Amino acid sequence: MLIPLIVLSIGAVAAGFVFHRWFIDPESAGGFWKGALFFNEHMMHEMHQVPLLVQLAATIVMLSGLLIAYLTYIRSPDAPAKFADTFQPLYRFLLNKWYFDQLYHFLFVRPAFAIGRLLWHRGDEGTIDRFGPNGSAWLVQVGSRAAVRLQTGYVYTYAFVMLIGLTAAITWAIAG
């Protein structure tokens with residue numbers, strides 16, 4: 001796995017040397033970016049005038065981190081455990097990622113779940129289901145009970161219902 005990374009890094013460094021003139025050269029880079037990125041020619045010239053310590057700051061930080069990692073994990077592997085015991089509050093704070101996950105859970109996840117439960121129980125079950133499918137099912141059930149009472153199978157029941165319907169139709173025709 002190390003060989004492909006070395007090949008890719010050599011290619012990236014070589015591409016930086018080859019295409020430097022088109023991407024970050026003060027005279028020609030402004031034409032390349034054409035306003036897509038903020039490009040200040042004066043700032044690009046001034047970048048070369050910063051002190052050497054500023055130019056090497058990232059390299060110094062990387063090398064110091066590499067040295068600390070070597071000393072603590074290779075040279076004396078018990079050093080991280082001693083550090084964690086000595087600086088227990090700092091270790092817990094950093095171990096728990098500054099408690100961002102707990103804070104995020106408290107501020108966003110728990111309220112989102114509460115709103116979801118509210119909309120589920122009150123909105124979906126309490127309103128939509130009550131007046132939608134469950135309400136129409138209840139209405140069909142009540143209607144079928146009434147229909148069972150009327151549909152007894154006796155001829156005089158049907159004659160009575162037809163007489164009521166005929167009377168209602170004649171009343172509606174005369175009144176209307």
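The values are calculated or read from the model by the stated rules, or taken from the named source; none is laboratory data. Fair warning: this is a prediction, and the values are worked out from it, not measured in the lab. No Cβ is skipped: glycine too gets one built from the backbone with ideal geometry, and neighbour counts run over all protein chains shown. All accessible areas refer to the heavy atoms of the entire protein, side chains included, with ligands and DNA or RNA removed. Shrake-Rupley method; radii C 1.70, N 1.55, O 1.52, S 1.80 Å.
Take the stretch 24-46 and flag every residue that is within 37 Å of the chain's Cα centre (by Cα), open to solvent by 90 Å² or more (accessible area, probe 1.4 Å) and of a type outside the set (A, V, I, L, M, F, W, C).
Lys34
Within the stretch 127-141, is there a residue that is without any contact (Cβ under 8 Å) to a residue 12 or more places away in the chain and under 30 Å from Pro89 (Cα atoms)?
Initially, the stretch 127-141 is screened for residues without any contact (Cβ under 8 Å) to a residue 12 or more places away in the chain, giving 127-141.
Of the ones still in play, those that are also under 30 Å from Pro89 (Cα atoms) are none.
No: the stretch 127-141 contains no residue that is without any contact (Cβ under 8 Å) to a residue 12 or more places away in the chain and under 30 Å from Pro89 (Cα atoms).
Taking the conditions exactly as written (assigned to a helix (DSSP H, G or I), among the acidic types (Asp, Glu) and in contact with a helix residue (DSSP H, G or I) (Cβ under 9 Å, 6 or more places away or on another chain)), does Asp25 satisfy them or not? Explain how you work it out, then say what you get.
Values: assigned to a helix (DSSP H, G or I): no; among the acidic types (Asp, Glu): yes; in contact with a helix residue (DSSP H, G or I) (Cβ under 9 Å, 6 or more places away or on another chain): yes.
Criteria not met by Asp25.
Conditions tested, residue by residue: (1) over 33 Å from the mean Cα position of the chain (by Cα); (2) open to solvent by 70 Å² or more (accessible area, probe 1.4 Å); (3) of a type in the set (Gly, Ala, Ser).
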position	(1), (2), (3)
Ala14	yes, no, yes
Trp22	yes, yes, no
His48	yes, yes, no
Thr72	yes, no, no
Ala79	yes, no, yes
Thr86	yes, yes, no
Phe93	no, yes, no
Phe106	no, yes, no
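Exactly one of these conditions fails for Met1: (1) within 38 Å of the chain's Cα centre (by Cα); (2) surrounded by 10 or more Cβ atoms within 10 Å (Cβ to Cβ); (3) not small (Gly, Ala, Ser). Give me its number.
Single failed check for Met1: (2).
Taking only pairs six or more apart or across chains, which ones have beta-carbon atoms under 6 Å, a first residue in the stretch 2-27 that is on the phi < 0 side of the Ramachandran plot, and a second residue that is among the hydrophobic types (A, V, I, L, M, F, W, C) and open to solvent by 90 Å² or more (accessible area, probe 1.4 Å)?
Trp22/Phe32
Going by the conditions given, is Leu119 more than 23 Å from Phe23 (Cα to Cα), out of contact with any helix residue (DSSP H, G or I) (no Cβ under 6 Å at 6 or more places or on another chain), surrounded by 11 or more Cβ atoms within 10 Å (Cβ to Cβ) and at pLDDT 90 or above? Before the answer, list the steps.
Numbers: more than 23 Å from Phe23 (Cα to Cα): yes; out of contact with any helix residue (DSSP H, G or I) (no Cβ under 6 Å at 6 or more places or on another chain): yes; surrounded by 11 or more Cβ atoms within 10 Å (Cβ to Cβ): yes; at pLDDT 90 or above: yes.
Here the answer is yes, as Leu119 does meet what is asked.
Does Leu53 qualify as being touching a helix residue (DSSP H, G or I) at 6+ places or on another chain (Cβ under 9 Å), exposed (fewer than 11 other Cβ atoms within 10 Å of the Cβ) and part of a helix (DSSP H, G or I)? Walk me through it before giving the result.
Working: touching a helix residue (DSSP H, G or I) at 6+ places or on another chain (Cβ under 9 Å): yes; exposed (fewer than 11 other Cβ atoms within 10 Å of the Cβ): yes; part of a helix (DSSP H, G or I): yes.
In short, yes.
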